[in-house]
Amino acid sequence: MRGALRPLATHALAARCLGRCPPRARLVAAAMCSGAQQRQTRLRPTADGNGAPPPFRRDALPSLLPHGQFGQRRGHASRGDARTHVTGLSDPLPEDLLAWTDRPLVTHLKDGSKTRGAAGEVAERLAEQLTPSPANRIFCNRSLNMQHITAVGFDMDYTLAMYKPETFEVLAYTLTCENLVNVYGYPREILQYEYDHEYMVRGLVVDKKRGNILKMDRHKYVKVARHGFRPMDAETRIKTYNATTSPGGVDRFDGSNYANVDTLFSLGETYLFCQLVELKEQLIERGREAGGLTEAETALTTKPFIDMYSEIRASVDLCHRDGSLKAAVASDPEKYIHRDDALVPMLKALRSAGKKVFLLTNSLWDFTNVVMNHLVHGASGEDKTAEWTELFDAVVTGSCKPGFFENERAAIFEVDVETSALKNTDDGAPMTPIGASAAASQADAFLATAGARAGEGKNDGVAMHAKAYQGGSYRHLHSMLGVSSGAQVLYVGDHIYGDILRSKKTLGWRTMLVVPELAHEMECLERAMEEDTLGKLRDLRRRRTALEDALQLAEFQMSVEKTMDDDAYDALVRDATEARLSHREELRRMHAEFHPIWGQMMKAGNQNSRFAHQLERYACLYTSHARNLLAYSPAKSYRGLSDAMPHDMDENV
């Protein structure tokens, strides 16, 4: 076995520097690294033109986040493809996801050969088969051994259920506009507004007081700011948000005047806020020049931006409370929700591996039943059943996350899956109502001990159907699952705060964040690698740094004693200015490839964005879709990258 490893040692060592495999790499891991290195060699020009791979350069990587490191992707879009970060939410789910359970694997040597070369060939072919495409990859921030995970849980909305933005979000947007007009008296012209679901991205921050939308880096330095849809000039942006002499001290952007755009549900309301900011500014100008505003228009001109945002949020909530949004989805789930053929095999694979599987969602039972019936059975209306609950060991709806992770005293109710009625429980155990029949009392007594018997492997000859609950807290869920420590639980969700941060910080749950936009991010990253955009940026940054350093040193020396003639100094100023502008323009061009307004979601300028920083800090794993778990063994050990600081790089950029 050691002999088979030797031909791969050089590439495995380089891959270890990349964090792609552990120090004691197994044969399959080493072969995988070798294949990845060969693919990456095809993407980059050789150092000497003779076919030899260029020396490994850590600074050539597009990011220090795990997803910034990948090999050649199959079937990526060309430059002419007008895909954006959310286009993938509208497209059918990828068809190239191969489950580990149904792939024919090459596991034997041809002709009975036992040579080292043949063994290496089998290992490489096996690794190639087992390596998911970049769109299906799961990336690791913090090492996680799935053998130590006894329970895997899922959020529903935008985790198991992927909504179609061109229908679902447009519907929510339209209903919100109607509520603003009918309930809050906004001008009727907003009923003609349209929602562009490709404009907003997650990770932004809304300045509710000033009517601005911000994108900042991991240090909370605002890199992009817009008032409504209009960009703020650099001087105004810096003076407003980045001035170090602000009398109020450093703004942490987490008070009541700010709102985070951290869910896909919030993109529509943020876009509408920008539209209303624009409308207010236009009405103020129109009233100043010509007058003749209606009563509703006049009221809007005096309404503070923060009140406008609050009324948008209230109108969105009303859409959910009055049932209008849910009723439309229930009448035609196919119109609003993607179906996913990989969902059921993924859940069954986890259970077959001995994992407890649970659903934990803030949606109430009636809507959860609609969505899950569509996802699992393609059923709606009178055809709905509760059979989908058999895929889970526990189903908790109406959980009120993130309070679910903290409020131990929350009441929990049992859901009658046939009638949707709620039943009182004694801290989760069934309660027999006054006047119930003896048979009902015996059934409740059986269910009260079913969990314990199931944990002991006993069945009593009766099918153990998963039960559904509403409300409660983590304490009830841990009891249902037989979990003694939060580290035994992996929870998969899409909300960085409601699903990931609170569960991790409060309970110690392991976490996986679903980032549907990641597929587009990686597509753009790989295109940048193939076109050597990152190399160009690196060279421009190096030239800019060298010239600026030389200029600053010359200015200091000349302030003490004139050591350079005017012509040489002027030339140095011109070169430094040209280098700065060239680097800045190339950086802007690359960001525009990701999104024309907000750029790369995971970056703000050269730094990781605030969203990427939160993802890296709180999500143990992250991926583009929960279905990607099917591409890996349920017993896989996910390993994080080696941490790197600036002095670890071959060359600073």
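The values are calculated or read from the model by the stated rules, or taken from the named source; none is laboratory data. Note that the structure is a prediction, hence the values are computed from the model and not measured. Backbone-built Cβ (ideal geometry, glycine too); neighbour counts: all protein chains shown. Side chains are part of the model used for accessible areas, which takes the heavy atoms of the whole protein and leaves out ligands, DNA and RNA. Shrake-Rupley method; radii C 1.70, N 1.55, O 1.52, S 1.80 Å.
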Item checked: Computed over region 303-378, the ratio Rg/Rh where both radii use C-alpha atoms and Rh is Kirkwood -> 1.15
Next item on the list: Return the distance in nm (one decimal) between the two label points of a simple spin-label model at THR545 and ARG230, each offset 7 Å from Cα along Cα→Cβ.
Entry: 3.9 nm
Next item on the list: Tabulate in residue order the Karplus-calculated ³J(HN,Hα) for region 174-184, using 6.51 cos²θ - 1.76 cosθ + 1.60 with θ = phi - 60°, rounded to whole Hz; enter x for Gly and Pro.
Entry: 4, 5, 5, 4, 4, 5, 4, 6, 7, 9, 10
Notebook entry, point to check: Which lysines does LYS280 reach when only Cα atoms under 26 Å apart count, and residues fewer than 8 places away in its own chain are ignored?
Noted result: LYS208, LYS209, LYS215, LYS223, LYS239, LYS303
Notebook entry, point to check: What nm value, rounded to one decimal, do you get for the distance between ASP322 and LYS303 when each label is placed 7 Å out toward the C-beta?
Noted result: 1.5 nm
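Ranked from the most accessible area to the least, with a 1.4 Å probe and all protein chains present, what is the order of ASP155, ASP539?
Numbers: ASP155 10, ASP539 80 Å².
Most to least solvent-accessible, the answer reads ASP539, ASP155.
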Checklist line | region 352-420: radius of gyration and largest Cα-Cα distance (Dmax), Å | finding: 13.1, 38
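By how many nm would the segment from GLU382 to ARG584 lengthen if fully extended, with 0.36 nm per residue of separation less the alpha-carbon distance?
66.8 nm is the gain from fully extending GLU382 to ARG584.
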Checklist line | Equivalent ellipsoid, region 565-653 (semi-axes from 5 times Cα gyration tensor eigenvalues, Å) | finding: 40, 18, 10
Check: Taking the radius of gyration and the Kirkwood hydrodynamic radius from Cα positions alone, what is the Rg/Rh ratio for region 498-586, to two decimal places?
Finding: 1.32
Note to self: Less than 10 Å Cβ to Cβ from PRO634, Lys/Arg counted +1 and Asp/Glu -1: what total charge do the surrounding residues give?
What the structure shows: +3
Check: Can you list the HN-Hα couplings for region 612-619, worked out from phi with the Karplus curve (6.51, -1.76, 1.60; θ = phi - 60°), rounded to whole Hz and with x for Gly and Pro?
Finding: 5, 5, 5, 4, 5, 7, 10, 9
Check: Among 484-495, 632-643, what's the highest-first ranking by average C-beta atoms within 10 angstrom per residue?
Finding: 484-495, 632-643
Margin query: Could you put LEU318, LEU513 in order of accessible surface area, largest first, with the 1.4 Å probe and the full protein assembly present?
Written below: LEU318, LEU513
Notebook entry, point to check: Remind me, relative contact order of region 480-623 in percent, using alpha carbon pairs under 8 angstrom and six or more residues apart?
Noted result: 29 percent
Item checked: Calculated FRET value between ALA644 and SER559, using beta carbons and R₀ = 41 Å, to 0.05 -> 0.65
Next item on the list: Please report the base-10 log of the normalised intensity I(q)/I(0) for region 187-313, using a Debye sum with one equal scatterer per alpha carbon and no solvent, at each q in 0.11, 0.16, 0.22 (1/Å).
Entry: -0.41, -0.84, -1.36
Checklist line | Ranked packing of 587-597, 271-281, most packed first, by mean Cβ within 10 Å | finding: 271-281, 587-597
Check: How much length is gained on full extension from GLU531 to GLU289, taking 0.36 nm per residue of separation minus their Cα-Cα distance?
Finding: 82.0 nm
Note to self: I'd like the accessible area for CYS177, computed on protein heavy atoms only with a 1.4 Å probe and all protein chains in place. Round to 10 Å², please.
What the structure shows: 0 Å²
Check: To the nearest 10 square angstrom, how much accessible area does HIS148 have with a 1.4 angstrom probe?
Finding: 120 Å²
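Ordered by packing density, taken as the mean number of other Cβ atoms within 10 Å over each peptide's residues, highest first, how do 221-229, 161-169, 288-296 rank?
Details: 221-229: 18.9, 161-169: 21.2, 288-296: 10.2.
By packing density, highest mean first, the sequence is 161-169, 221-229, 288-296.
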Notebook entry, point to check: With the Cα gyration tensor of region 267-393 giving a ≥ b ≥ c as the square roots of its eigenvalues, does the rule (a/c under 1.5 for rounded; else a/b larger than b/c for prolate; else oblate) give rounded, prolate or oblate?
Noted result: prolate
